[in-house]
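For reference, the structure discussed in these notes is given below.
Values quoted throughout were computed directly from the atomic coordinates according to the rules given, and no laboratory measurement underlies them. Since we're looking at a predicted model, the values are computed, not measured. For neighbour counting, all protein chains shown are included, and Cβ atoms are generated from backbone atoms with ideal geometry for every residue, glycine included.
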Amino acid sequence: MTRKVGNGTRNVAIVGPYSSGKTTLLESILFVTKAIARKGSIKEGNTVSDSAAEARDRTMSVEVSIASTEISDLNFTFVDCPGSIEFAQETQNALVGVDAAVVVCEPVIERVLTLAPLFKFLDDWEIPHLVFINKMDRSNDSFMDVLHALKAVSTRPLLPQQYPIRQNRELVGYIDLVTEAAFHYHEGSPADPVPLPEHLKDEEKAAREEMLEVLADFDDHLLEELLEEIEPPQEEILQDLKKDLGADLIVPVFFGIAEQDYGVRPLLDALVREAPAPEITAERIGLTGQTDAPTLAQVLKTYYTPQGGKLSLVRVWQGEITDGMVLNGVRAGGLYSLMGQQQEPLQKAVAGEIIAIGRLEGIQTGVTLSPNQAEELPKAEAIVPVYALAIAPERRKDEVKLSSALTKLLEEDPSLRWEQHGDTHEVILWGQGEIHLQVSLDRLRRKYNLPMTTHLPRVPYKETIRQSGTSHGRYKHQTGGHGAFGDVHLDIKPLSRGEGFSFHETIVGGVVPKQYIPGVETGVREYLAQGPLGFPVVDVDVTLTNGSYHSVDSSEQAFKQAARIAMTEGMPKCQPTLLEPILAIKVCAPSEFTSKALQLISGRRGQILGYEPRTDWQGWDEVTAYLPQAEMHNFIIELRSLTMGVGFFNWEYNHLQEVPDKVAESVLAMMSHAE
């Protein structure tokens, strides 16, 4: 295929909820434009996108995939994005670099709500987008009812450019609302023109008038024509559609059955006519988009391939990139166009293209690339991880490789996090849900030969005391001619929550020489690493009040041991109590699910602080609450289950709180059993 550049290029993302048929639509697009000779299927695992083993195992997209084709002398690069909410970061990172998006959905009113977060992101970023209602052969709802439901979740007006023709409830064709021409579908070939069905003339006329009225909201000349009952020229309508889509003022709506190629060609015709050129997109973010401007690009996605190492998917915003060019201090190790997992070498790429660059070591997804220092371009915010597993290599010898592999894993997928927890000493992998982490573990096994074992992360409980006490500790040890001696009296008292640990001394008369006092504090601190209940101790004040020493046998080490003895004997008498970490959470969900979200929080020992409408999210509420970390593990799974998959929450550690007695008994019993 001859690669066209500049105004001859269009970059279009295919997005939508899980199972809406995005990958099937892309296969149809590639087939009808003759980029592939035979359509693959998801069941057979031979589609151009979803070529990763993790995607084929699950028959679902798990990462961004690229494919290109030529349509009417334009080179289209399609970016197939995952639909699962657990891989939303992939989608958002890629959307930042496209000229337009096709939102694929099913004609099921109950599932329309799942589009709300996607519409919100597209409109926040002012990304032009169209809707393609797929699987119209499976619809039990009327087209107008589905359209009405879609309008309720979009902040931009939806504008159907087609009206369906049905026979015995089956979709057989469409009416183009711009030209008022009717067509019948034929599998494997373009639709044939047919006379406009008489029984649909009134419905078509009403739909067309609604389309023109919406366009007239943004065009005074068109408004005048409609008021004077002048039929606007088709060219004027098409110009308005192109201008308004490019400005993200309207959302054109198309429909079809991608599996049979129905409706795909009209959708492509609209993309050719109406999708904005790359320089228009560049202007939208404040750039020129010209090839002769200074080189500026952005990383949309990072891959680690088994054969070729690191590949960075890059949008060239302006200027051009040549093979071997130094970007951000790193030499480009090869330029490629991608077709699924197939790579075609390039000598250069120019403004408007999305290409892959090899071996950009140390450069992360979202980073702005240039030969010289440049201001960072906007990038999608990192999504807060909400689901965790503790992981460990199956083979002990692999522990040294884990850190390096996890670093590469996070480069591929920025919505992951990992930590070596300071209290529990576990390696914890954080992500967006159960499937997300399982895909990540599969990648560790396949790409880095690192099979892992997993378990639920231990809750980092702490402990403190409820009452004050005193204790005495004496360490006396004789070995041959030289002994060890230390003797201390300690006052132990609780502190307010969050005050940590304090150490004081009130020694008078030199009963404990000053050079030994640091040893006492060290002994106390070492003991506090594991208190009488088996957890780190916090919010305790310890004062050294008295003691004695031996002029020959005493040492700092001996006083450290004496302090540990005093703490070991004294702490159990001070009513030790278990503390648990409490998270401050913000749960966001459509208002119709707010009561369910409140019940979910309350049912997990959460404390609801209040709720109010979510800013800039029409019809959504935001609930603030405190939630024990022990209750967090499956919280996101239940929340999504209760809210059709769209509910989400953010969290941060807030404070420690005493564990209720019954819960504490259970925790301590489990700990005792584990030992």
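Could you list Asp398, Asp661 in order of exposure, starting from the residue whose Cβ has the fewest other Cβ atoms within 10 Å?
Details: Asp398 17, Asp661 10.
Lowest count first: Asp661, Asp398.
When you restrict to C-alpha pairs under 8 Å that are six or more residues apart and normalise by the size of the stretch 387-455, the relative contact order lands at 46 percent. Using a Debye calculation, one point per C-alpha and no hydration shell, please list log10 I(q)/I(0) for the chain at q = 0.07 Å⁻¹ in order. Here the Debye-derived log intensity ratios amount to -0.60.
Which lysines, if any, have their Cα less than 17 Å from the Cα of Lys662, not counting same-chain residues under 8 positions apart? Those lysines meeting the cut-off are Lys462. Counting neighbouring beta carbons within 10 Å and listing from fewest to most, the residues Met567, Met211 come out as Met211, Met567. In the chain, the DSSP-assigned H stretches of four residues or longer account for a calculated mean residue ellipticity at 222 nm of -8500 deg cm²/dmol, using -39500 (n - 2.57) per stretch and the full residue count as denominator. Taking label points 7 Å from Cα along the Cα-to-Cβ direction, Gln467 and Val400 give a separation of 5.4 nm. When Rg and the Kirkwood Rh are both derived from Cα coordinates, the Rg/Rh ratio for the stretch 1-101 amounts to 0.96. Computed from the alpha carbon positions, the gyration tensor of the stretch 6-276 leads to an equivalent ellipsoid with semi-axes of 29, 21, 18 Å, biggest first. With both labels modelled 7 Å from their Cα along Cα-to-Cβ, the Leu668 to Glu180 distance reads 8.3 nm.
Beyond a 32 Å Cα-Cα separation, which of these cross-linked pairs lie in this structure: Lys43/Lys310; Lys243/Lys379; Lys34/Lys151; Lys243/Lys596?
Values: Lys43/Lys310 29 Å; Lys243/Lys379 25 Å; Lys34/Lys151 34 Å; Lys243/Lys596 42 Å.
Where the Cα-Cα span goes over 32 Å, the pairs concerned are Lys34/Lys151; Lys243/Lys596.
Relative contact order of the chain: 10 percent, from C-alpha pairs under 8 Å at least 6 residues apart in sequence. The distance from the alpha carbon centre of the stretch 33-109 to that of the stretch 518-554 is 62 Å, rounded to a whole number.
Pairs of C-alpha atoms in the stretch 292-364 farther apart than 20 Å represent 18 percent of all such pairs.
Charging the Cβ of each Asp and Glu at -1 and of each Lys and Arg at +1, and nothing else, the dipole of the stretch 6-276 about its Cα centre rounds to 1320 debye.
Across the cross-link table entries Lys22/Lys135; Lys348/Lys447; Lys493/Lys573, which are compared at the Cα atoms, the separations over 20 Å belong to Lys348/Lys447. Of interest is the spacing of the C-alpha centroids, which for the stretch 632-663 and the stretch 567-588 amounts to 19 Å. Check cross-link reach from Lys476 to the lysines: straight Cα distance under 19 Å, and skip same-chain residues fewer than eight apart. Within reach: Lys560.
Subtracting the Cα-Cα distance from 0.36 nm times the residue separation, let me have the gained length for Ala293 to Thr479 in nm, one decimal. Please list the in-between numbers first.
On the way: separation 186, 0.36 × 186 = 66.96 nm, distance 8.11 nm.
Gain in length upon complete extension: 58.9 nm.
Tell me, what are the semi-axes, in whole angstrom and largest first, of the equivalent ellipsoid of the stretch 580-674 as set by the roots of 5 times the Cα gyration tensor eigenvalues? Provide the component values of the computation, followed by the final result.
On the way: eigenvalues 157, 36, 20 Å².
They are 28, 13, 10 Å, listed largest first.
Just want to confirm a number: the relative contact order over the stretch 463-574, from Cα pairs under 8 angstrom separated by 6+ residues, in percent.
Numbers: 258 pairs, mean separation 49.6, N = 112.
This gives 44 percent for the stretch 463-574.
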